[in-house]
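The values are calculated or read from the model by the stated rules, or taken from the named source; none is laboratory data. Owing to the predicted nature of the structure, the values given are computational and were not obtained by experimental measurement. Cβ sites come from the backbone with ideal geometry, for glycine too, and all protein chains shown count toward neighbours. In case anyone asks, the SASA skips ligands and DNA or RNA and just uses the protein heavy atoms, side chains included. Shrake-Rupley method; radii C 1.70, N 1.55, O 1.52, S 1.80 Å.
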Amino acid sequence: MRRSRKSERLLLLLFLFSLPFLNPWVRGDGVGYYAFARAPLIEHSLDFTRDYQSANASFRGPRLDENNQPRSGFRTSTGRLDNHFTVGPAILWTPFLFLAHAGVLLARALGSSVAADGFSAPYRIAMAFATAFYGFLGLLLSFRLARQYVQERWALLATLAIWWASSLPVYMYFNPSWSHAHSSFAVALFLWYWHETRSSRSLAQWLILALIAGLMLNVYYANAMVLAVLAVEALRQYRAAFRHRAAPAKTSAIPRIPDLLLRHFLFAVTLLVSLLPTFISRYLVYGSPFESAYIPLHDWLWSSPVFFAVLFSSNHGLFSWTPILLLALAGLFLFCRREPRVGAPLLVAFLAFYFFISCYPDWAGISSYGSRFFVSLTSFFILGLAVFFDRAARLFRSSRAALVAAIALLAAASLWNAGLMFQWGSHLIPARGPVSFSEIVRNQFFVVPRQFSADFQRYFFKRKALMQQFEDRDNQQLEKNPPAP
């Protein structure tokens, strides 16, 4: 226990030291997510006009006319501005934004001129800190889950590796107004609680699990695939219950079928109730609680999923951009063989998520660092990578040699990822569409070392100007290669 606390203190210390990397801006998809928090707090309505008028050019351009007013094509049948983004991040941001708003109002009462408009620095900093905080909680919960199956050193190294060598840091620090760090937290919380209660879940625990599942879906709809862990669990339970009916003398610990049906029914009802924020927001914006405004399901790639491209494409492939996740997936398969009662539900959930994204027409994520959708599965990757480290350590003559090799891999993967994030964020490579891996490699060794130092200093001391430079580069790339209509 003492060593566990030492590892958790180390993670907390690293998180605190990482906070200067926070980039408190609202950009791209983040405009829509943040609008669901700012508009009710400041405008006391769901009027997103000011949010869209204050957005970055690539987001604002298609939605506003030459007079900076919303285009009629972006009005829904209810007369509101289209906003198909989920409300879950706004739910998680709200406590932090309330505190920021109260502080701003108090400061203004004392003579400060800081704007109480939801756009000024206190609000954006509160939003960015909240995102990083939830991302860290997701990492911490994932670490606690992984250390139950491997030595703590491997759980710690796996947590650090996924923290700094995956797509997570982009959405935890650089683009905090997007939903992915929140999603990684919600999924980690769901998996951790599911795992902690799986042996004998009481009725109250079923209801709590349903509320967590509701949060997970309010944050990100694709997280519905994670519920596959419950489907696998239920199949096992019902099979055991039917066998128990045929041979009741075997054991009395197996739940009866009526009890299972009651618990699963109450879970489903509670889950639907917890989705009320989504249903209400969809109804107010679109006139229907079930309108997602995303690509209709009948237009998805059900008959021709892009399985290979999702993993290996130069257009934000999962493994081609973040190769350490290939080791994590290998570990997930190893874990399934070693601990099938826990590993099989996790593997089925990963495969369900993978199939879902492979059928999505915008599977590449448009403007995405790596395959941003899979950030939701951060806890899966931490557990898988921890198991991989644990298994690979047996190939070494000593535990010290295995530890040195794992640390070397962590350092190399993190440095490579840092360079690639720099290339993507500064638009040395296109933020959208395929990239040239030969160009990436050349940049990593010859361009990044030259530009990184200067831009690193500007990131901390002249960030506003640097972000504007990056935004200008993005607009130039969009002008050269406009997105398909």
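Structural remarks
- Residues satisfying the stated conditions in the range 439-459, i.e. open to solvent by less than 50 Å² (accessible area, probe 1.4 Å) and either modelled with pLDDT of 95 or more or over 25 Å from the mean Cα position of the chain (by Cα) (or both): I440, N443, Q444, V447, V448, D455
- Restricting the range 201-218 to residues that are of a type in the set (S, T, N, Q) and over 20 Å from the mean Cα position of the chain (by Cα), the residue that is modelled with the highest pLDDT is Q205.
- Only one of S426, S436 that is within 22 Å of the chain's Cα centre (by Cα), open to solvent by less than 50 Å² (accessible area, probe 1.4 Å), within 21 Å of A364 (Cβ to Cβ) and among the small types (G, A, S): S426
- Those residues of the range 57-76 which are closer than 20 Å to I366 by Cα, open to solvent by 40 Å² or more (accessible area, probe 1.4 Å) and among the basic types (K, R), in sequence order: R60
- Considering the range 123-147, the residues that are open to solvent by 50 Å² or more (accessible area, probe 1.4 Å) and not in a loop (DSSP other than H, G, I, E, B) include one that is farthest from L13 (Cα to Cα), namely R124.
- Note on the range 460-480: among residues that are among the aromatic types (F, W, Y) and in contact (Cβ under 8 Å) with a residue 40 or more places away in the chain, the one that is farthest from H427 (Cα to Cα) is F460.
- Looking across the range 258-314, the residues that are of a type in the set (V, I, T) and not in a helix (DSSP H, G or I) come down to I295, V306.
- A single entry from S379, S453 fulfils the requirement of being closer than 17 Å to Y171 by Cα and either part of a helix (DSSP H, G or I) or free of Cβ contacts under 8 Å to residues at least 40 places away in the same chain (or both): S379.
- Residues of the range 155-189 satisfying the condition of being within 18 Å of R9 (Cα to Cα) and open to solvent by 10 Å² or more (accessible area, probe 1.4 Å): L156, L157, L160, W164
- Selection within the range 315-350 - touching a residue at least 24 places away in the same chain (Cβ under 8 Å), open to solvent by 20 Å² or more (accessible area, probe 1.4 Å), over 24 Å from S199 (Cα atoms) and part of a helix (DSSP H, G or I): S320, L327, L329, A330
- Scope the range 264-279; condition open to solvent by 70 Å² or more (accessible area, probe 1.4 Å) and either modelled with pLDDT under 95 or over 28 Å from D82 (Cα atoms) (or both); matching residues: F265
- Test result for R282, surrounded by fewer than 18 Cβ atoms within 10 Å (Cβ to Cβ), among the charged types (D, E, K, R) and without any contact (Cβ under 8 Å) to a residue 24 or more places away in the chain: no
Conditions tested, residue by residue: (1) among the polar types (S, T, N, Q); (2) free of Cβ contacts under 8 Å to residues at least 12 places away in the same chain.
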residue	(1), (2)
T278	yes, no
P289	no, yes
I366	no, no
G370	no, no
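- Those residues of the range 404-423 which are open to solvent by less than 30 Å² (accessible area, probe 1.4 Å) and of a type in the set (A, V, I, L, M, F, W, C), in sequence order: A406, L410, A413, L420, F422
- All positions within the range 190-205 that are among the hydrophobic types (A, V, I, L, M, F, W, C), open to solvent by 10 Å² or more (accessible area, probe 1.4 Å) and touching a Lys or Arg at 6+ places or on another chain (Cβ under 9 Å): W192, L203
- Scanning the range 365-387 for residues that are open to solvent by 10 Å² or more (accessible area, probe 1.4 Å) and farther than 21 Å from G331 by Cα yields I366, S367.
- Single residue of the range 8-56 satisfying the filter (at pLDDT 95 or above, of a type in the set (G, A, S) and buried (at least 18 other Cβ atoms within 10 Å of the Cβ)) that is farthest from the chain's Cα centre (by Cα): A39
- Residues of the range 86-114 that are closer than 18 Å to M172 by Cβ and either without any contact (Cβ under 8 Å) to a residue 24 or more places away in the chain or assigned to a loop (DSSP other than H, G, I, E, B) (or both): T86 alone.
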